[in-house]
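Taking it in order: structure first as C-alpha cells, then the write-up.
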Amino acid sequence: MLTVRPKVAELAFKLYGRALHPELFDVHKTRVVERGGYQARVDITNAGHIVTWRYEGMTLTEVASSAQHPLPQKRRLMSHRLRGERDDRVECRGGVVYQVSFQLEPVAPEIFWTFQQELANDSEREGMLHTFDSSGRMALGALSYINIESRDRNLLIQAFHTFPDDYAIVKSQSLFQLP
C-alpha cells in the first residue's frame, strides 16, 4: 500500500470530546500509555496523528488530518486549519485541561532536508517514527515523529510531521493535564 501525505495546505487540527472510529484512518504506528489513572492511544496516520486520551469516563481525541477527511461534527470541541502558529486551551469537566500549540513552518529546502535527517537520526533512540513513501516528486518520503512524555498528572505529546513536496514542517505540542 502506498503511504504518501496529502498537501500541507489541506491540513486541520481538531479536538473531540469523544472517541473516533479507528476505521476512519490509515494507522501506521501505535503506542498505548497507561499512567496515573489515564490511558492514551497515540497513532501515526497518513496526514498526521491521532491521540485518544481517557480519564474517569472522559474521552478527548486530538486529530491532525486533512481538512477534506470526512470526520463527524458531533462533540467537536475545536477545529483549526493548520496555518501559521496557534495556541488553544480547553477546560473540561472535573478540572481536566487540554492545551495545544501548533505551527506550520515553511522552510528553505536545505533547512528542510537537514531537519528531516536529524529527526530520523534522533528518533532512533526514542519516540515513534514512520517514514512514508516518496510522492514521486521528491526522492525521499515524509516523516512523522512523535515523542511521548508520560507523568502521573499529565501527558505531553510532541509531534513533527514533514511535507517534502511543500518544504514544510508541522510541529505540535499537546498537554493533557489532570486536576
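Laboratory data are not the source of any read-out in this text; all were calculated from the coordinates shown. In this text, all values refer to a predicted model and were calculated from it rather than measured experimentally. In this analysis, Cβ positions are derived from the backbone assuming ideal geometry, glycine residues included, and neighbour counts consider all displayed protein chains.
The stretch 143-179 and the stretch 1-52 have Cα centres separated by 11 Å. In this calculation the C-beta distance from Ser79 to Glu105 is compared with R0 = 35 Å, giving a FRET efficiency of 0.95. Note on the chain: Kirkwood hydrodynamic radius from all Cα pairs is 16.5 Å, rounded to one decimal.
Converting phi to 3J(HN,Hα) with the Karplus coefficients 6.51, -1.76 and 1.60 and the offset θ = phi - 60°, the stretch 27-35 yields 8, 9, 9, 9, 9, 10, 10, 10, 6 Hz in sequence order, with x at every glycine or proline.
For the stretch 68-131, what does the convex hull of the Cα positions come to per residue, in cubic angstrom? Working shown, then result.
Working: hull volume 10.1 nm³, N = 64.
Convex hull volume per residue, Cα atoms: 157 Å³.
Can you tell me the FRET efficiency between Asn121 and Glu23 if r is taken as the Cβ-Cβ distance and R0 is 45 Å, rounded to the nearest 0.05? Efficiency, rounded to the nearest 0.05: 0.85.
Here the residues Thr131, Thr114, Thr162, ranked from fewest to most Cβ neighbours within 10 Å of their Cβ, fall in the order Thr114, Thr131, Thr162. Projecting the Cα atoms of Phe13, Ser79, Ala168 onto the charge dipole of the chain, computed from C-beta unit charges around the Cα centre, puts Ser79 farthest toward the positive end.
For the stretch 1-98, take the convex hull of the Cα atoms, compute a quarter of its surface area, and give me that in nm², please. Provide the component values of the computation, followed by the final result.
Working: hull surface 27.5 nm².
Reported value for the Cα convex hull: 6.9 nm².
For the stretch 56-62, the Karplus equation 6.51 cos²θ - 1.76 cosθ + 1.60, evaluated at θ = phi - 60°, returns couplings of 6, x, 9, 10, 10, 10, 9 Hz by residue, with Gly and Pro reported as x. The stretch between Lys7 and Arg93, if pulled fully straight at 0.36 nm per residue, gains 27.4 nm over its current Cα-Cα span.
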